[in-house]
Amino acid sequence: MAAQDASDPVADDEIVLKHVTERSGWYDPARDPSLSWVAFRPNKDDVSGMSVWRAKYKTAEDVARLAARWSNRKDQKYYVLSLRVGDLRRIGIQVSFTHDEGKGETGHASLTTLNTATYDSEKNRIREMAERVCKELVLRVDGPFGSFEERDQDRFQSA
Amino acid sequence: MRDPSSTLIPYEDVNEEPNETADALVSTEARQLSRHREAWRQEIDRKLIEWGRDPSQFEDVDLIPPTQEAIRVASRIALQMMDCGAAPPTAVVPDGDGGIVIERRTPTTVESIEVTREGAAEMVRLLDGRVADRRAFSVGNG
């Protein structure tokens, strides 16, 4: 059983999960290729790295549900990408346990190399990494997950 | 203004069968050009114009909607590319910071035109996964 605080080191053989908002178009199953490198472009909020969740503590649906809860957009849907930690480290992306900025959820981690400051100073290196991740390292895509509020309400009413 | 087509992936369609006569070649090229124009037109109408009408659709904890300036510049670039017969984009997506990325791919080349929230445009070309070129992309004022 995993430790409750989930602060154990992130192992190479672990899977991490990253959500992608459906409306961003970063993942579009009707397009070829389906995934854009922009999904792994650090944005202004990625100060200490890009947020991911450890699959040993969260399911893909959990990750989408958390994204929906924190976005205040209940109509939003999410895809969830699975990545192996060892694959990311092999191309130079560090993965570390990090806290989830006080939201109290277990299993948070960060792709620490993919942060805002590094992107600003080493755009070419980060661009090449993002390309490799989207082209070679995504193991699977689940979803889209969404409409959680309605589903949770249905579950409550049928209980 | 620099002709955008001079720095971008030339259009080509490997599915087209070669034709014997000059008329047939012209006809094939015209059809291809028409398809490319239609693809650009769809990106402009269905995405860029729609984003300008309702940027709130992107509001999320980790996604800043494209700014009006980014949409204006990206639309101008798309129109230029369409007019010069460039191959259509494989993706037009928000960058998450208020900007827009126009992406075109071949099996070995990826070309991204990145428009920032302030409306500055940069072209980045990857060849076999490595950045081969990065330069400011000039946008006409017309």
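So the values come out like this:
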| item | result |
| --- | --- |
| Within segment B:107-128, tally of residues that are closer than 15 Å to A:Trp37 by Cβ and either open to solvent by less than 30 Å² (accessible area, probe 1.4 Å) or within 17 Å of the chain's Cα centre (by Cα) (or both) | 11 |
| Which listed residue is touching a residue at least 40 places away in the same chain (Cβ under 8 Å), surrounded by 19 or more Cβ atoms within 10 Å (Cβ to Cβ) and under 23 Å from A:Pro33 (Cα atoms), from B:Ala74, B:Ala70, B:Ala91, B:Ala78 | B:Ala74 |
| Condition check for A:Tyr27: crowded, with 17+ Cβ neighbours inside 10 Å, aromatic (Phe, Trp, Tyr), within 12 Å of chain B (Cβ to nearest Cβ) and touching a Gly at 6+ places or on another chain (Cβ under 7 Å) | no |
| Hey, A:Arg54 among the charged types (D, E, K, R), open to solvent by 20 Å² or more (accessible area, probe 1.4 Å) and away from chain B (no Cβ under 13 Å) or not | no |
| Some residue of segment A:85-98 being out of contact with any Pro (no Cβ under 8 Å at 6 or more places or on another chain) and aromatic (Phe, Trp, Tyr) | no |
| Qualifying positions in segment B:112-129 - over 18 Å from B:Ala70 (Cα atoms) and of a type in the set (D, E, K, R) | B:Arg125, B:Asp128 |
| Matching helices (runs of 4 or more DSSP H) fully within segment A:62-133 where at least 3 residues are within 14 Å of chain B (Cβ to nearest Cβ) and open to solvent by less than 20 Å² (accessible area, probe 1.4 Å) | A:123-132 |
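The values are calculated or read from the model by the stated rules, or taken from the named source; none is laboratory data. Predicted model only: the values in this text are computed from it and were never measured. Backbone-built Cβ (ideal geometry, glycine too); neighbour counts: all protein chains shown. Side chains are part of the model used for accessible areas, which takes the heavy atoms of the whole protein and leaves out ligands, DNA and RNA. Shrake-Rupley method; radii C 1.70, N 1.55, O 1.52, S 1.80 Å.
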